[in-house]
Structures are given as C-alpha cells and as structure tokens.
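Data block below; observations after.
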Amino acid sequence: MITVSEALGHLFALAAPLETETVPLSQANGRVLARSVKANRNQPPFDGSAMDGYAVIADEVTPGATFEVIGEAAAGHGFDGALSPGKAVRIFTGAPVPEGATRVVIQEDVSRDGDRITLGDTIDRGFHIRPAGADFTEGQDFTAPRLLRPSDIALLAAMNIAEVPVTRRPRVAIMSTGDELVMPGETPGPDQIIASNSFGLQAMLRDLGAEARLLPIARDTRQSLETAFSLTEDADLVLTIGGASVGDHDLVGEVAADLGMERSFYKILMRPGKPLMAGRLASGAMMMGLPGNPVSAMVCGHVFVTPVIRAMLGLGVAPAPESSATLAAPVGANGPRLHFMRAHVANGRITIYDNQDSSLLTVLSNANALAIRPPNDAARSAGETLSYLPI
C-alpha cells in the first residue's frame with residue numbers, strides 16, 4: 001500500500017492537461033482560461049464623469065462663482081467642442097468630459113437660472129472625473145490559467161473580447177459495477193440496492209467543469225465488464241465503482257489488465273477508500289477504480305478525483321486545499337491509516353460525527369467537511385486545531 005501523497009503523485013503523472021478550444025464569451029463562464037488574452041481597448045476609453053453635474057475648469061471653482069452653460073454631455077453623446085474660461089457644460093454620469101474641463105461640480109452644489117449657473121457656498125471637494133484607462137488599458141493582460149467567474153466574464157466583455165481560449169472539458173465515463181445494483185426508479189430485487197455512487201460522482205464532476213456520463217451498470221461477468229469498457233474509447237478518464245477489491249466477484253482490475261491497462265498502483269493507506277486502483281487503459285484514457293462503498297467512493301472523489309480534474313483543466317498540480325478549525329468536542333486516537341472523517345464546521349469549530357461507517361450516506365449528506373486524522377494521531381481535546389477538507 002502507498003500513502004495518499006504517493007497516490008496523488010502517480011495520479012498527476014497520468015493526468016496531462018487537455019488541449020485548448022475557443023468558445024464564445026457567452027459560453028465561457030465556469031470554463032478555464034487556457035491562455036492569457038489582452039484588452040482590446042482602454043476602460044474608460046475617455047475621461048468620463050463620475051457624477052451628474054457641470055463640467056468646468058477646476059481653477060475657476062470657488063463659492064459663488066458663475067458660469068455660462070454652453071451645452072450638454074450625456075452617456076453616448078459627448079459635447080462637440082472645447083471648454084473655455086467662464087463656461088460650463090451640463091454633464092451626466094458616464095459622459096465624456098469635454099476638452100478643457102478638469103472638474104465636475106455635482107448638481108447639488110449648483111443653482112441654475114436659464115443658461116447661467118452659480119456655485120453654492122459649500123462645494124464638494126471631489127473632482128469626479130474617471131481618467132481614461134483607470135480600469136485597464138489596451139494591451140493589458142488578463143492572465144491564465146484561471147476558472148472564469150461571472151465577474152471575469154463582465155471584465156472580458158468590457159475588454160471587447162468576444163471569444164476566449166479555454167481548456168477542453170475532460171470527458172469522464174462513470175461505470176458502476178455489481179450484480180446488486182439497479183438504477184434509481186427501478187424496483188430492486190430482494191438482494192439488490194440502488195446505484196448511488198455514480199450519481200454523486202457525476203454531480204461532483206460536473207461542478208468541477210467535466211463532461212461526465214453514466215455507463216450502463218456492468219454486471220459481475222467478464223463479458224459485461226468488457227462491453228462496458230468498450231464504451232469508454234473517447235473518454236479522458238474512466239471511473240469504475242466497485243469490483244476493485246480481492247473477492248471472487250471483483251473482476252474489474254483483472255478485466256482491465258486483460259484489456260491492456262498498465263496499472264500504476266493499487267491500495268492506499270487511507271480510510272475510507274483503501275481499495276483504490278489507477279492506471280492507463282490501452283485507449284490512452286486514465287482509469288481510476290474507486291471502492292464500492294458509497295462514502296468511500298465519494299471521499300475518494302474529493303481527495304483524488306477533484307485534484308485530477310483540476311490538473312487536466314490546467315489549474316495546477318496540487319492536493320485538494322485544506323482548511324483548519326478548532327475541535328468542538330474531544331476525539332479518540334486514530335489508527336494506522338490516514339482517516340478522512342465526516343464532520344460539520346460552523347463558526348470556526350469542527351464537530352466530527354460519531355458514526356463513521358462507510359455505508360452511511362446520511363452522515364455524508366449532513367457533513368460539510370472531512371476532518372483529516374493523520375496515521376496514529378493521538379487523542380485530541382476540545383479546542384485543539386484540526387485540518388479538514390471542505391466538501
């Protein structure tokens with residue numbers, strides 16, 4: 001058996017970043033920018049007014065000063081001309097500041113009579129002009145890689161970028177295995193259960209930005225497994241669930257090897273999730289064989305699948321990020337394997353659930369964290385700091 005860190009090292013060696021494709025900006029949210037792009041203009045493209053008021057020459061602004069209003073500037077409709085001493089231009093937020101104007105006096109500090117304005121006894125000190133290029137300038141880099149968020153999309157649009165280069169979404173095929181499984185909505189036999197792991201992992205993968213599809217359930221026969229593997233030719237990653245242990249009916253590893261898989265490792269010093277397997281299939285796809293217990297499969301998804309997908313997307317090679325919190329209650333000593341324990345974090349305090357049975361999805365559903373217990377970790381007291389994975 002190998003450690004979690006060693007397993008991640010092997011997985012990253014298998015998970016090369018994918019190629020780049022160009023998509024319209026309207027379809028880029030949630031995608032990973034693969035190459036840096038440059039702004040196609042300045043923002044603002046001109047000196048613009050930050051307030052409604054009057055554009056004047058700053059040196060002429062004194063309480064009680066009067067000006068002749070010679071025109072108007074609005075957003076999308078600038079004043080055609082230059083400002084001379086003693087003159088003012090009515091201006092609105094977002095409008096270009098007229099040539100020669102160096103200050104905008106807000107309308108609350110002005111009284112107007114026809115075409116003449118008089119400044120009040122008290123005048124706001126702000127100049128209220130946004131200089132050209134204050135936000136960004138033409139040619140400025142928007143750097144990659146990064147996961148594009150709605151605020152990034154708005155910025156790229158302002159930069160006049162209509163299409164962006166993004167990393168292709170990883171194609172993941174998810175294969176549940178076992179005679180005991182039926183799909184949700186079907187009527188299970190007396191010895192059967194509902195397939196749940198594949199749906200949880202599919203949801204996780206989609207949240208990570210992957211294209212994840214469910215294969216038909218593979219039964220515990222060589223023929224059924226071979227048929228299922230034949231449906232993965234276009235996948236970048238194949239996730240099998242169950243059948244990776246050493247029982248008489250656990251055929252996944254054997255069939256995968258016969259089909260040309262080069263195994264990278266098998267079994268990890270962790271709990272839950274010990275019977276994890278990985279390698280490369282003859283098709284070139286990366287394969288990860290996850291345990292069949294529902295919680296084990298989902299924990300392996302957080303610990304291993306998430307970093308692998310991020311690596312494929314070009315977001316770097318790193319374990320899932322950890323946080324820390326103080327224990328709300330004491331916990332006993334840990335055993336010889338790294339243990340990811342379902343827990344709940346609130347207000348900086350972490351509570352580890354008492355029942356850690358790897359079949360209990362209700363406990364996982366209630367959890368928002370996996371408390372990390374190092375191998376042979378001593379008993380911990382309330383108030384001690386403990387690391388965890390947010391989930």
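The values are calculated or read from the model by the stated rules, or taken from the named source; none is laboratory data. Worth saying up front: this structure is predicted, and the values here are computed from it rather than measured. FYI the Cβ positions are ideal-geometry reconstructions off the backbone, even for glycines, and counts take in every protein chain you see. Note: accessible area is taken over every heavy atom of the protein model, side chains too, but ligands, DNA and RNA are not part of it. Shrake-Rupley method; radii C 1.70, N 1.55, O 1.52, S 1.80 Å.
Which value results when the Cα radius of gyration for the stretch 25-137 is divided by 2.2 N^0.38 Å?
The value comes to 1.32.
Using all alpha carbons of the stretch 271-311, what is the percent of pairwise distances in each 10 Å bin, ordered from the shortest bin to the longest?
Reading upward from the zero bin: 30, 52, 18, 0.
Whole percent per 10 Å bin, from 0 to the bin with the longest distance: what is P(r) over all C-alpha pairs of the stretch 127-226?
Answer for the stretch 127-226: a P(r) of 12, 27, 20, 13, 13, 9, 4, 1 percent.
Solvent-accessible area of residue 227, probe 1.4 Å, all protein chains present, reported in Å² to the nearest ten, please.
80
Just the Kirkwood number for the stretch 254-391, please: inverse of mean 1/r across all distinct Cα pairs, in Å, one decimal.
That comes to 16.1 Å for the stretch 254-391.
Where the Cα atoms of the stretch 180-258 are projected onto their three principal axes, how long is each span, largest first, in whole Å?
36, 33, 20
Taking just the alpha carbons, could you work out the radius of gyration and Dmax for the stretch 44-202, both in angstroms?
29.8, 93
Past the 11 angstrom mark, what percentage of all C-alpha to C-alpha distances in the stretch 173-215 do you count?
65
May I ask you to compute the full-extension gain from residue 207 to residue 134, defined as 0.36 nm times their residue separation minus their alpha-carbon distance, rounded to one decimal in nm? Let's see the in-between values first.
Working: separation 73, 0.36 × 73 = 26.28 nm, distance 3.50 nm.
Result: 22.8 nm gained on full extension.
Would you please give the FRET efficiency between residue 376 and residue 326, computed as 1/(1 + (r/R0)^6) with r the Cβ-Cβ distance and R0 = 35 Å, to the nearest 0.05?
The calculated FRET efficiency here is 0.95.
Taking a temperature of 10 °C and a viscosity of 1.306 mPa s, what whole-number D in µm²/s does Stokes-Einstein yield for the stretch 1-84 with Rh from Kirkwood over alpha carbon pairs?
D, rounded to a whole number, is 80 µm²/s.
Add -39500 (n - 2.57) for each DSSP H run of 4 or more in the chain, then divide by its residues: what number comes out at 222 nm, to the nearest 500 deg cm²/dmol? Please list the in-between numbers first.
Numbers: 8 runs with 68 residues, N = 391.
About -5000 deg cm²/dmol.
What residue among 38, 87, 267 has the largest mean-square fluctuation in a Gaussian network model of the chain, using Cα springs under 10 Å?
Evaluated over the chain, the most mobile residue of the options is 87.
If you take the Cα Rg of the stretch 240-324 and divide it by 2.2 N^0.38 Å, with N the number of residues, what do you get?
1.13
Determine the sum of side-chain charges near residue 1: Lys and Arg each +1, Asp and Glu each -1, restricted to other residues whose C-beta is under 15 angstrom from that of residue 1.
After counting each charged neighbour, the total is +4.
Please state, to two decimals, what the Cα-based radius of gyration of the stretch 89-155 comes to when divided by 2.2 N^0.38 Å (N = residues).
1.68
Could you sort 368-376, 308-316 so that the peptide with the highest average Cβ count within 10 Å comes first and the rest follow in order? Numbers along the way, then the final one.
Numbers: 368-376: 18.4, 308-316: 21.6.
The packing order, highest mean first, is 308-316, 368-376.
Taking the Cα centre of the chain as origin and charging only Cβ (+1 Lys, Arg; -1 Asp, Glu), how large is the dipole, in debye to the nearest 20?
So the magnitude is around 900 debye.
Hey, for a label at residue 65 modelled as a point 7 Å past Cα toward Cβ, could you say which residues of the stretch 88-113 have their backbone N under 13 Å away?
Residues 88-89, 101-106 fall inside that zone.
On a 1.4 Å probe surface of the protein chains, which of 113, 354 comes out largest in accessible area, and what is the full order?
Final ranking, largest accessible area leading: 354, 113.
Keeping all protein chains in place, calculate the accessible area per residue for the chain (probe 1.4 angstrom), answer in Å². Kindly include the intermediate steps, with their values, before the conclusion.
Values: 18350 Å² over 391 residues.
Result: 47 Å² of accessible area for each residue.
Evaluate the Kirkwood expression for the hydrodynamic radius of the stretch 191-305, namely the inverse of the mean inverse distance over all pairs of different C-alpha atoms, and round to one decimal in Å.
After inverting the pairwise mean of 1/r, the radius is 14.2 Å.
Mind grabbing the accessible area of residue 141 for me, 1.4 Å probe, Å², rounded to tens?
80
Determine, from the Cβ-Cβ distance of residue 72 and residue 124 and an R0 of 25 Å, the FRET efficiency 1/(1 + (r/R0)^6), rounded to the nearest 0.05.
With R0 = 25 Å, the Cβ-Cβ based efficiency is 0.75.
Run down the aspartates and glutamates and flag those whose C-alpha is under 19 Å from the C-alpha of residue 274, throwing out any fewer than 8 positions away in its chain.
Leaving aside aspartates and glutamates fewer than 8 places away in the same chain, those within reach of residue 274 are 6, 248, 250, 254, 357, 377.
What does the charge add up to near residue 260, with Lys and Arg as +1, Asp and Glu as -1, over the other residues with Cβ less than 13 Å from its Cβ?
-3
D for the chain, whole µm²/s, Stokes-Einstein with Kirkwood Rh over alpha-carbon pairs at 25 °C and 0.890 mPa s: what number?
On the way: Rh = 25.5 Å.
My calculation gives 96 µm²/s for D.
If you place +1 on the Cβ of every Lys and Arg, -1 on the Cβ of every Asp and Glu, and leave all else neutral, what size is the dipole of the stretch 327-387 about its Cα centre, to the nearest 20 Debye?
I would put it at about 80 debye.
Cβ under 15 Å from residue 319's Cβ, residue 319 left aside: what net charge do those residues give with Lys, Arg +1 and Asp, Glu -1?
In short, -1.
Can you give the Kirkwood hydrodynamic radius of the stretch 39-103 from its Cα pairs, in Å with one decimal?
After inverting the pairwise mean of 1/r, the radius is 12.0 Å.
Given the stretch 329-386, what whole percent of its Cα pairs are spread farther than 16 Å?
Numbers: 662 of 1653 pairs.
Cα-Cα pairs in the stretch 329-386 separated by more than 16 Å: 40 percent.
Please work out how much accessible surface residue 199 shows to a 1.4 Å probe, ignoring ligands, DNA and RNA, in Å² rounded to 10.
Here the residue's solvent-accessible area equals roughly 80 Å².
What is the percent carbon and sulfur in the accessible area of the chain, measuring with a 1.4 Å probe over the protein chains and ignoring ligands?
49
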